[in-house]
Each structure stands twice: as structure tokens, then as C-alpha cells.
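Student: One structure, pasted below without further comment.
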Amino acid sequence: MNKKHSFFILIFFLIPFFSFSQNNTENEKQKGHININKFRQLYEEFSSPNMFRTASGAPGPAYYQQQADYTMQIELDEQNKRIYGNQTITYTNNSPDELEYLWVQLDQNVRKKDTPSSKIDGSGVRSLYRPSEFASEFINEPFDGGFNIDYVLDGNRKPLSHFVNQTMMRINLPLQLKTGEKFSFSIKWWFNIPDHVKENSRSGYEYFPGDGNSAFTIAQFFPRMAVYNEVEGWQNYQFWGDGEFALPFGNYDVKITVPSDHILDATGELQNRKEVFSKEMLKRYNKARKSYEQPVMIVTQSEAEEAEKNFSNQTKTWHFKAQNVRDFAFASSRKYVWDMMAVKIGKKDVMAVSMYPKEGNPLWEDYSTLTVSETLKTYSDYTFDYPYSKAISVHAKQQGMEYPMICFNFGRPNIDGSYSDDVKFGMIGVIVHEIGHNFFPMIVNSDERQWAWMDEGINTFVQYVAEQKLGEDYPDIIYPLKKFPSDRGPAELITRYMSIDQSILAPIMSNPENIFNLGPNAYGKPAAALNILRETIMGRELFDHAFKTFSKRWMFKHPSPEDFFRTMEDASAVDLDWFWRGWFYSTDYVDIGIKDVRQFYVSPVPGIKLKEYLDERGIPINRLGSMIYFEDFENDSNNLKDGSAMENSKLLTNYLKENYSVEEIEKLKIPKYFYQVVFDKPGGLVMPIIVEYEYEDGSKERIKYPAQVWRKNDDQVNKVVLSDKKIISIILDPDLETADIDTSNNTWPKNQDKSDFEKFKEKIKG
């Protein structure tokens, strides 16, 4: 050990500031307890790694997933608002298990008149309703929108045994389906299409009374195979309305028949463009494929307005094929304006597409396709190159829903074309979000029915990154703001939610059907957590590498939460079990404060507390030997508090002279001021302690103590601060990056101004 090192070891060794235990009474024997340390590993919560999913978070050598291929003939009956379908599903069993039956999801059955989902709300009478909500709940007859199954046939066109249980249908196989075998069966069906404005549905039509037309945004409209995997077997949790969809990948061959004057786009590649496009549309489309700066109008607004005037009795069939997608959706209307532009993603061109009625302009013409383009670029930078050929943004009055290559988005100007910044930023935000869903969960295919946060929360986090990038690249769009006004992502935006009554909170790791506040819990809180992880815990370089690793590992696969947690640690060498446990498995909140600040000075004799301690135990002072002492700044009776450590201690001076040269002593930074700062943690979440110290000369120093500082004491932490300058103020979490719900205890000297949290509590109390 060198001389300099031994000196500072001495200094730190002698600064416990006498936190001696005074308890000499005999206590009863305390009971033992299990490991409750916030930094214990997640072995109890995690499944054991296996050949399917490894401990690193990567797919294992025996990983498998099933495949479901669809051939469909769809007919849209505009006049009667019905959709008819005839489909053949070819199911491939890639699992090591022999299957006795198959499960098919009938999600439209959530809209049957007698659906149990209409009876699960126990909230009673609310204090206010929108007119549409009031009519729906108290006046109107329930909409009958469930599937009508005409038949289910096997590959030989013979009736196939099946049983419907609410939103699930069991296909009883004539023989067990062995590993590697395929089974094909056909279903003919129809249902009534809901008015998605009145019914607040994910799929349906919007009626425009001004011209008598409708715009159809059609999704989860066909019987779809459920997922079967080694995690839970069949994913056959019923669809109650909130938990979305778990679907296998497959190939689609879909023909959609609609009125001949409709404009239509869908998941997949259009196979008969020359048949359904006019020569002028085809010319414009070829131009759009080479336009990288501005969208090209395929159908102009004037053309769409002209088309609105007539209702064709003829039909036209649009033919699409899609490879390796988990779902299929489409939009159709004669009202649509249609524009496109090319986006360079890696080495390939992707088409950014928008479809919208005139009611969406001028907002949509100005911003929709641009937003699609920028979203694809940013998401690709942080995950993987977008693999599909196009991404479509479709305008719908109050929808925000995602499907492979196509999504439905709200954001409508006033009748005169004017709009507020809130409407503009809301529209841009929802387009970023829904286009982003192409990555999560359409490609990184998590189970939405069980883990809403894995698609919504992860996607909302990347949405925040993409929105900020868009604001940086297009400052004119956000002017006079300096940053895009994201409503989720930053830590401070989740503090109010995390501070509400614990009785209406649930951990992020909860089924979406069982959460009181799905938006903040599945979208906002995980997004804030990941943003904190990136900016405060890991740093951008480590986080971004690990996040991209997870994204690439699980492209076109079915990751579980554990796969995400494990990969983020595996690719970064950062132990994050404490973080996952606190943020994802509990309803704990962040509240770290400054409990006490005390100043000390070096003294040649024992301080008052040390003397009292020695006297109580009958220990003579000379037993301590030659030592350097500290005394509380307030207890100075010998005018020593203004002296330096060397001035106040001959012992220290002699030690230095004996062990250091004059030149070495001159280079030593011997502190003059000694502080003990006590941080406490009223909140349950452990987080880094980020502190800004301000000195009397106006300079500031910021220090971040890692979260592990709490590992041996979950209640408080004592930190020693050494300086040659006097500290005049201390601020915790100065940039509000830890989601601390109560900032009233974050300053020293204590700030007399009421915190936002205190004001919020007073407002609630009334």
C-alpha cells in the first residue's frame, strides 16, 4: 500500500460520525425471515431456462413456433354493413407435441348480443357520460356483431366437429396431429359490421351523413388461430375487450370484393394492380416509388370528392398476398384520398402510404405520410431494418389500432380545416405509435393477451424516442416548442399515477383485463421505466445495444417477459434484477429525500458524543491510542471549525511529514470541509441517488450514487462529502429523471415552496 492511499484510508476509516448503538436492553428473540433484500435475484419469479428459451434470453436450440396459413375470399356488403368470408386455414404443427384439437379465436363474438363481456363491468353509474356513451349504455339495443358460422369443413369438404366457447372455437381433430404434420380446414362465416364511432370498436365503419358514404377500417374480422407454445400450451384466454391478440405467423392469400368505385389497401402485396388501378393511378404509383422527399397523390382530393357523388352497383376484387405476417387488415372507401412516397430503409425501398377522407385535410396531407416515413427510419435504427414493403396510415375518427403493414389513426381538423396544436401533435403521436406497432408486436410477436406492456409499453418507449427525433429533424413542425410534446416517456410524467391510492394500482406484470388504469400501467409506466433505464441506469450506449439485441433475437418469434429481461442483462453486463423487481413486479414508488445534513471538523481531542460513549462503557480515552477525531460543527468550543485538518491536528501533520515529501504534501488535496448527508427512502423503489452540490463560490458538482448504495440498508444511506469549499445547497434529482413522486424533501436547506406533489394532494383533498 502506498503512502497516499494509506492516508485516505485513515481519513475514511475515522469518519463514522459516531452512529453508535445505545441499546443495552435485552430484547426478545426475533423471528427469522426470508430474503427480502431489494437486490435479491429473480430466480423465484423466473422460469428455469431450457432448450426452448435460454438463460441468456435468446431462443434455444429447440425453440419452435407453429404456422397458420390462410386463403380467404372476403366480400364487403356496403349497403347492409356486413362482411362475408370463406377461408381455408392450413395449420402446421412444429411442436414436439401431438395435438388432439386446435383452438381458433372468434374475437368478434365479444360483440354478440348475449356476450358475457357486457356483464363484467361493476363500476355502477358514473358522474358524467358522452352522449354516445349514454345512448349505448342506457337507450340503444345491444349491437349484434358476433360471428355467424355457416359451416366448418375438413379437407375433404366434410363437416368437422367443433365447439364454440364465447370467443374461442375448438376444432376437434379426427386424428392427432403429429410433429411436422399439417391440417387444413375451412370456415364460412359472416357478421354485422359495427359503427366504430358509436360502438367505440377497434374495427368497423364510420358513416358520413353529409354525403351518405362510409369508410371501412376492417380488422380482427376473421377466425384466427390461437398461439400454441412451450410456455403455456394453447393461449386460450378469452377475449374480454382489453387484452388484445396473440397470433402465430403465416402466409396469407386474400381476395377482397368491394364496390368498384372503392379505394382499398391492406396487409400484403397487391397482386392485380393493373386490374384495379386506372392508367393514371398506375403512372402516379410508379412515380411515387421513386419519390423520396414528397408524397405523390395516387388519388387526389378532388377525385375523391367526385367519387363520393356516385354509388356503384358493380364490384371489384383486390388480391393481396402476405408472407410471414401474424394478421391481416384492410381499409376501403370511395372517399379516400391516397398518397405514397418511398423510404430508404437499409438497402431496400419501403412505401410510406396514407389514406384519408377529405375530412382529414389539410392536416393529413401535410403530416401523415411524412410521419410514417420518419417513424420507419427511427424504429429501424433502434431495432432492425423494417422488413415489409409498405406501411399504411389510415384516417379514422377515433381509432388508434395496429396491424401488419396497416394501422388506423385519429386526428381530425375542424370543419373549416383549422386545427389546434393539440390535435396536430395528437395525430402525429398516434401515427408514430401505431406505425411503430409494426415492430412491436407485429414482428417481435409478444403475447398481447397476457402481457400488454410488452407491446404497448415497449412501443410507447420507442415512440417517445421517435417523436423526439422527429422534433429535432423538423423543428418547423413543433415551433415555437423546443421539443416534441410527448405525453408519455419522461419520468416526471408518470409520478402522479405512481402516487395514487395503492388499492387501484397493479404491477406492470399483470394481465391487461385486471388493471384499473390500462393506459398509464401498460403504456406510460413501462415507457418511463425503460427511459429511466436508458438515460439514468445503463446509459444510452449499453441500453441501445442490448435493446437492439433483443429486437433482432426475437424478430418473427414469440418472446416472453423473461426473454426481454434476460437479454437486456446478457447484452449489457448490467445486473437489473432489482430494477425489474421494483418497477415491473411491484407497485412501489420512488421517493428519496434528504433527511439530514451535518458538518464536522477535525479535532485533536475526542468529540462530545465519543466521550459520552466511552464514559458509559468505562473505557479510558488513552485506550484509543493516537487518533484523529471529528466533532460536530455545532459543538465547537475551541474555535477549531475554521481551521484546516492539518492546522487542527498535529498528529496528522506529523504523519504527513514522516510519510510524504514536501513536494507530495503540496500536491495533496486535503479537504477542509467534512459533511455527512443522510438520504432516506420513504418510497419502496430503490434508485440511484443523483445529487447536485452547490458551493459558496457558485460552482456546482453533480454526483450519482448507484442504486446499489441501498443494498445493505433499505431505509437510509449516509454519504460523506469532502470539499475545500463550503456547501450552500443540495438538490436531489435536479433533472427529474427518477420519477420521484415527492420533491418536497429533495432540497437542503429545505425549500419552503410547496412541491407539485403537495399541491396535487391538496387539490385532491378539495
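Student: Under a Cβ-only charge scheme (Lys and Arg +1, Asp and Glu -1), can you give me the dipole magnitude of the chain about the Cα centre, in debye to the nearest 20?
Tutor: I would put it at about 1220 debye.
Student: Calculate the spin-label point distance for Glu666 paired with Lys347, positioning each point 7 Å from the Cα along the beta-carbon direction, and give it in nanometres.
Tutor: According to this spin-label approximation, the distance is 6.4 nm.
Student: Whose amide H sits under 5 Å from the amide H of Met355, counting only residues 5 or more places off or on another chain, with H placed in the peptide plane?
Tutor: Excluding prolines and chain starts, which carry no amide H, the hits are Ser393, Val394, His395.
Student: Something else about it: Using θ = phi - 60° and the Karplus form 6.51 cos²θ - 1.76 cosθ + 1.60, what ³J(HN,Hα) does each residue of the range 316-332 get, whole Hz, x for Gly and Pro?
Tutor: With the stated coefficients, the range 316-332 comes to 9, 10, 9, 10, 10, 10, 9, 9, 6, 10, 9, 6, 8, 8, 8, 9, 8 Hz.
Student: I've got another one for you. Which Cα, out of Gly60, Gly684, Pro223, lies furthest along the positive dipole direction of the chain (beta carbon charges, K/R +1, D/E -1)?
Tutor: Of the options given, the answer is Gly60.
Student: On to the next question. Of the listed peptides 310-317, 431-438, what is their order by residue-averaged count of other C-beta atoms within 10 Å, with the highest listed first?
Tutor: Per-residue mean Cβ counts within 10 Å order the peptides as 431-438, 310-317.
Student: Looking at Met351, Leu177, Gln105, which one has the Cα that reaches farthest to the positive end of the dipole of the chain (charges on Cβ: Lys, Arg +1; Asp, Glu -1)?
Tutor: Leu177
Student: Now for a different question. Under a point-charge model restricted to the Cβ atoms of Lys and Arg (+1) and Asp and Glu (-1), what is the dipole moment magnitude of the range 524-679 relative to its Cα centre, in debye to the nearest 20?
Tutor: Using only the charged Cβ atoms, the result is roughly 400 debye.
Student: Would you kindly derive the ³J(HN,Hα) couplings of the range 345-351 from the backbone phi angles with the Karplus curve 6.51 cos²θ - 1.76 cosθ + 1.60 (θ = phi - 60°), listing them in order in whole Hz, with x for Gly and Pro?
Tutor: Rounded to whole hertz, the list is 10, x, 9, 10, 9, 10, 8.
Student: OK, next. Residue by residue, what Karplus-based ³J(HN,Hα) values in Hz, rounded to whole numbers, does the range 334-342 have, using 6.51, -1.76 and 1.60 with θ = phi - 60° and x for Gly and Pro?
Tutor: 7, 7, 6, 7, 9, 10, 8, 8, 8
Student: Give me the lysines in straight-line cross-link reach of Lys198: C-alpha distance below 18 Å, same-chain residues under 8 apart excluded.
Tutor: Those lysines meeting the cut-off are Lys81, Lys112, Lys113, Lys397.
Student: When Rg/Rh (Cα atoms, Kirkwood Rh) is calculated directly from the model, which label among [x] 1.21; [y] 1.08; [z] 0.98 fits?
Tutor: Computed from these coordinates, Rg/Rh (Cα atoms, Kirkwood Rh) corresponds to label [y].
Student: Okay, moving on. Given +1 on the Cβ of Lys and Arg, -1 on the Cβ of Asp and Glu, and no further charges, what dipole in debye does the range 215-285 carry about its Cα centre, rounded to the nearest 20?
Tutor: In total the dipole reaches around 520 debye.
Student: Counting other beta carbons within 10 Å of each Cβ, put Leu282, Leu652 in order, fewest first.
Tutor: Fewest-to-most Cβ neighbours within 10 Å comes out as Leu282, Leu652.
Student: Can you check what the net charge comes to around Gly212, using other residues whose Cβ is under 15 Å from the Cβ of Gly212 (Lys, Arg +1; Asp, Glu -1)?
Tutor: My count for the surroundings of Gly212 gives -4.
Student: Could you tell me the distance between the Cα centroids of the range 214-237 and the range 38-71, to the nearest Å?
Tutor: Cα centroid to Cα centroid, the span is 21 Å.
Student: Non-local amide H neighbours of Arg53 (under 5 Å, H modeled in plane, Pro and chain starts lacking H): which ones?
Tutor: Those qualifying (amide H under 5 Å, at least 5 residues apart or on another chain) are Gly60.
Student: Here's something else I'd like to know. If neighbour count is taken as other Cβ atoms inside 10 Å, put Glu694, Glu664 in order from fewest to most.
Tutor: Ascending Cβ contact count within 10 Å gives the list Glu664, Glu694.
Student: Still on this structure, I have one more. Can you sort Arg702, Arg488, Arg534 from fewest to most other Cβ atoms within 10 Å of each residue's own Cβ?
Tutor: Listed from fewest to most nearby Cβ atoms, that is Arg702, Arg534, Arg488.
Here, each number is a calculation from the coordinates, and none is a lab measurement. Since the model is a prediction, treat every value here as computed from it, not as a measurement. Note: ideal-geometry Cβ built from the backbone for every residue, glycine included; neighbour counts use all protein chains shown.
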